[in-house]
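Everything below concerns the one structure shown next.
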Amino acid sequence: MQEKIEGLLAAAKEEIAALSSSRELAECKVKYLGKTGLVTALLKQMKDIPPEKRSEFGKSVNALKEQVSALFEEREKAIRKEEMEKSFEREAVDVTLDGKAVKFGNLHPLNIVRNLIIDVFVGMGFEIFEGPEIESDYYCFQALNIPKDHPARDMQDTFYVSDNIVLRTHTSPGQVRVMEKKKPPIKVLSPGRVYRADDDASHSPMFHQIEGLVVDKGITLCDLKGLLDEFVQIIFDKDTKTRLRPSYFPFTEPSVEVDVTCSECHGAGCRLCKGTGWIEILGAGVVNKKVLENCGIDSDVYSGLAFGLGIERTTMIKYGIPDIRTLFENNVKFLRQFGRNDR
Ligand code: FA5
């Protein structure tokens, strides 16, 4: 039996010395010291040993177990050290190498322009209000003085969800929602997505508007003109001029459409402005007394101005983009032009 123990120790010594990885070591440890390992198997033979030799046998096997465990421990330390050195070599960083430039994303041009517009108006004291995109017929049309079957409904090709629910065609329902909750003085800006069955180079079925509403005593069309002049000079440039053209919206009286001088040709006429020198950016007017009354505001005491600005149109003018669809194609080369140049 002593021979067997010595043979096992010699075999373990040889095998452990040849181990070269933590995985091999773990497997070998199980082979010798595991529950069904070679050393453990020896201990299990105790019952076959004559009683007078059991104590000596037990001591020898325990000594063997300790020696084998010590061999494993020693080899484990050496292997761990070797493996760590190898990993340091493998993962070494050459700090003198040039770094790889990280590509940053940037805001979409529509978000850049929306944020800019919001900043300008918030600077003038406007608060932000956001209304729902799925709107009732009442808020989208009726409260704005557009009853059912009114011909003005044809001005905006509407997506109907059901008879009385629509995808809002403009941000003007926000006017009603604000005036129902808040009493004058009111100075609110309402940005959001709107939807119309429209699709060509300057019209998109989903686009963004920003509604502006001011209600107070003595508000006139002159306030609107002053407000918009200041706004376009900040958004475009100092020389940009506005032009008010008579128009019709059932919810404003009088109503105007507002053009700005073309940013490409500065009024001379070019492809972007279709040779006119002017580009329309928004609809506006003095809030119709009927709308004020619908919202419970005394129209003999208060008056208001409102405007609805197209964010896509403003972005196209600001950056000279001839086709609205470019804004929704998400071509990364196009979008990168709006990031910072040093990235
Ligand atoms: C309106 O939507 C009115 N609610 C604006 C208004 C508000 C008038 C408050 C009076 C008082 P209009 O349909 O003209 O008006 O649209 C306003 C702006 O949205 C347009 O000047 C244009 O810039 C933009 N726009 C309209 N249709 C589209 C479209 N399909 N795609 C992209 N932009 C559009």
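Table for the structure above
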| quantity | calculated |
| --- | --- |
| Subset of segment 276-319 [in contact with a Cys (Cβ under 9 Å, 6 or more places away or on another chain) and either open to solvent by 10 Å² or more (accessible area, probe 1.4 Å) or not assigned by TED's automatic domain parsing to the domain that holds Arg114 (or both)] | Thr276, Trp278, Ile279 |
| Qualifying positions in segment 125-169 - open to solvent by 40 Å² or more (accessible area, probe 1.4 Å) and under 28 Å from the mean Cα position of the chain (by Cα) | Gly125, Glu127, Ile128, Phe129, Glu130, Pro132, Glu133, Ile134, Phe159, Val161, Leu167 |
| Meets criteria (in contact (Cβ under 8 Å) with a residue 12 or more places away in the chain, more than 10 Å from the ligand (Cβ to nearest atom) and over 19 Å from Glu257 (Cα atoms)) for Pro147 | no |
| Lone unmet requirement of (1) at pLDDT 95 or above; (2) within 19 Å of Cys140 (Cβ to Cβ); (3) out of contact with any Phe, Trp or Tyr (no Cβ under 7 Å at 6 or more places or on another chain) for Pro205 | (3) |
| Leading residue by the ranking (surrounded by the fewest Cβ atoms within 10 Å (Cβ to Cβ)) among those in segment 226-249 that are within 16 Å of the ligand (Cβ to nearest atom) and among the aliphatic types (A, V, I, L, M) | Leu244 |
| Segment 253-289, residues that are within 15 Å of Leu309 (Cβ to Cβ) and over 36 Å from the mean Cα position of the chain (by Cα) | Ser255 |
| Residue pairs meeting the criteria (Cβ under 9 Å; at least 6 apart or on separate chains; first under 13 Å from Ser21 (Cα atoms), in segment 71-94; second open to solvent by 60 Å² or more (accessible area, probe 1.4 Å) and at pLDDT 90 or above) | Phe72/Lys29; Arg75/Ala17; Glu76/Lys29; Ile79/Ser20; Ile79/Glu24; Glu82/Ser20 |
| Considering residues of segment 31-52 that are under 60 Å from the mean Cα position of the chain (by Cα) and not in a helix (DSSP H, G or I) only, the residue surrounded by the most Cβ atoms within 10 Å (Cβ to Cβ) | Gly37 |
| Flag if Asp119 is within 20 Å of the chain's Cα centre (by Cα), under 26 Å from Ile210 (Cβ atoms) and modelled with pLDDT of 95 or more | yes |
| Subset of segment 165-192 (residues that are basic (Lys, Arg) and within 11 Å of the ligand (Cβ to nearest atom)) | Arg168 |
| Residue satisfying all of: in segment 250-267; under 23 Å from Thr315 (Cβ atoms) and within 9 Å of the ligand (Cβ to nearest atom); surrounded by the fewest Cβ atoms within 10 Å (Cβ to Cβ) among these | Glu257 |
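The values are calculated or read from the model by the stated rules, or taken from the named source; none is laboratory data. Bear in mind the structure is a predicted one, so any value in this text is a computation, not a measurement. When we count neighbours, we look across all protein chains shown, and the Cβ atoms used for this are built from the backbone with ideal geometry, even at glycine. The protein model used for the area step is the full one, side chains on, heavy atoms only, and it has no ligands, DNA or RNA in it. Shrake-Rupley method; radii C 1.70, N 1.55, O 1.52, S 1.80 Å.
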